[in-house]
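The values are calculated or read from the model by the stated rules, or taken from the named source; none is laboratory data. As the structure is a prediction and not an experimental result, all values here were calculated from the model. For neighbour counting, all protein chains shown are included, and Cβ atoms are generated from backbone atoms with ideal geometry for every residue, glycine included.
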Amino acid sequence: MIGDKKVLFSGMQATGNLTLGNYLGALKNWIDLADEYECFYSVVDLHSITIRQDPAELRRRARSLLTLYIAAGLDPEKNCIYYQSHVSGHAELAWILNCFTYMGELNRMTQFKDKAAKHADNINAGLYTYPVLMAADILLYQADVVPVGKDQLQHLEITRDIAQRFNNIYGDVFTIPEAYVGKVGAKIMSLQDPSKKMSKSDENPNGSIYLMDDPDTIIRKFKRAVTDSEACVRYSEEQPGIRNLIDIYCVCTGKTPAEVEKEFDGKGYGDFKLAVGEAVVSVLKPIHSRFDELTKDKAYIDSIIKKNAEKAEYYALKTLRKVQKKVGFPERIR
Ligand code: TYM
């Protein structure tokens, strides 16, 4: 708790271009929950270097992502929006937690297996212990709730296991966090292959809607979305392409799948795809203009970066010092 509020932590990687999946599966929920919790939203740049990055590009993307958090509707005066690399406590706690995590547990992580297969020439130790750093992110702020998409649930489970193990040895040090997954939109699929999640690293750009795509591109990508030959807008497992489009439309409009089925009863896929594209454009358009405005205001963004890093550091250190004492590190004299 901070004051009378529970704590929320979440983060995104500044790797690749953010997709509609990132927005609908995570960022949108962050905004919906922001008033209820004391929130920490990190640009997790330490995680990003588990895959080789161009330094200038990483810096540029990290700043854009931080700006996008604000453009999407998170108030940086109320929410702590900061770079993970500006708070050294993340890496320090991750080291300690590494010593409380079993290789057997890490071997089971599906994201590690996927990424290792994709980057066979660079299977580094950071990629392997990635979930431990994520646990450190969350536990450092004693987070109660962590809004994520479905693909991160396994990492939340390991975080809870590590925290519980630590607490069993040292007493109640960490809050045990709960994942928050939205009812719709928790797993947005590729528009070109609805059996695969929409991903920043998809080689086929038509599979993903990027948050910075212009309206024409968005509409074009939806028009090309893979569907089926049923010719019926129905929310069913047998029509994964249409189901995914209904999910997207529902999160953008607040409608339920049943309402959408009714709305498009007797209409063709062409009409439906266009409506989904337009709904997405109307959600993203205000974010684009706010993003453009904010990007021009360098001094403002700089001041947010500084102020929020200090705030994050204050809370991070509170937990870190407690943990260091518990495990037996000597007291700091200075
Ligand atoms: P990342 O950067 O891959 O994704 C950011 C968030 O977007 C969600 N997401 C999706 N949701 C629905 N449909 C999709 N197709 C889709 N693709 C991505 C992810 O679930 C995530 O919530 N390891 C994390 C970042 C992280 C983090 C943390 C998150 C680091 N430390 C602590 C929460 C708490 C990651 O790589 O997310």
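Pairs are defined by a Cβ separation below 7 Å, a sequence spacing of at least 6 or placement on different chains, a first member in the stretch 19-46 that is closer than 17 Å to residue 78 by Cβ, and a second member that is of a type in the set (D, E, K, R) and part of a helix (DSSP H, G or I); the pairs so defined are 42/137. All of (1) in a loop (DSSP other than H, G, I, E, B); (2) surrounded by 18 or more Cβ atoms within 10 Å (Cβ to Cβ); (3) at pLDDT 95 or above hold for residue 162 with one exception: (1).
Quick check: is even one residue across the stretch 53-68 more than 13 Å from the chain's Cα centre (by Cα) and not in a helix (DSSP H, G or I)? Yes, the stretch 53-68 contains a residue that is more than 13 Å from the chain's Cα centre (by Cα) and not in a helix (DSSP H, G or I). Please indicate, with yes or no, whether at least one residue in the stretch 47-58 is under 23 Å from residue 311 (Cα atoms) and within 12 Å of the ligand (Cβ to nearest atom). Yes, that holds for at least one residue.
Only one of the numbered conditions (1) hydroxyl-bearing (Ser, Thr, Tyr); (2) crowded, with 21+ Cβ neighbours inside 10 Å; (3) touching a Leu at 6+ places or on another chain (Cβ under 6 Å) is violated by residue 85, and that is (2).
Being closer than 21 Å to residue 212 by Cβ and among the hydrophobic types (A, V, I, L, M, F, W, C) holds for only one residue in 96, 51, and it is 51.
For the stretch 281-291, the count of residues that are surrounded by fewer than 17 Cβ atoms within 10 Å (Cβ to Cβ) and free of Cβ contacts under 8 Å to residues at least 12 places away in the same chain is nonzero. Considering (1) at negative phi; (2) surrounded by fewer than 20 Cβ atoms within 10 Å (Cβ to Cβ); (3) more than 11 Å from the ligand (Cβ to nearest atom), the lone condition that residue 3 does not fulfil carries the number (1).
Scan the stretch 236-257 and give yes if some residue there is assigned to a helix (DSSP H, G or I), polar (S, T, N, Q) and in contact with a helix residue (DSSP H, G or I) (Cβ under 8 Å, 6 or more places away or on another chain), otherwise no. Yes, that holds for at least one residue. Within the stretch 41-52, one or more residues are hydrophobic (A, V, I, L, M, F, W, C) and over 19 Å from residue 199 (Cα atoms). A single entry from 287, 209 fulfils the requirement of being among the aliphatic types (A, V, I, L, M), closer than 30 Å to residue 63 by Cβ and touching a strand residue (DSSP E or B) at 6+ places or on another chain (Cβ under 8 Å): 209. On the given criteria, is residue 136 within 14 Å of the ligand (Cβ to nearest atom) and closer than 20 Å to residue 315 by Cβ? Judged against the criteria, residue 136 is a match.
In the stretch 163-180, of all residues being in contact (Cβ under 8 Å) with a residue 60 or more places away in the chain and under 21 Å from the mean Cα position of the chain (by Cα), the one that is farthest from the ligand (Cβ to nearest atom) corresponds to 175. Filtering 196, 200 for residues that are at negative phi and without any contact (Cβ under 8 Å) to a residue 40 or more places away in the chain leaves a single hit, 196.
Filtering the stretch 165-198 to residues that are hydroxyl-bearing (Ser, Thr, Tyr) and surrounded by fewer than 19 Cβ atoms within 10 Å (Cβ to Cβ) leaves 170, 195.
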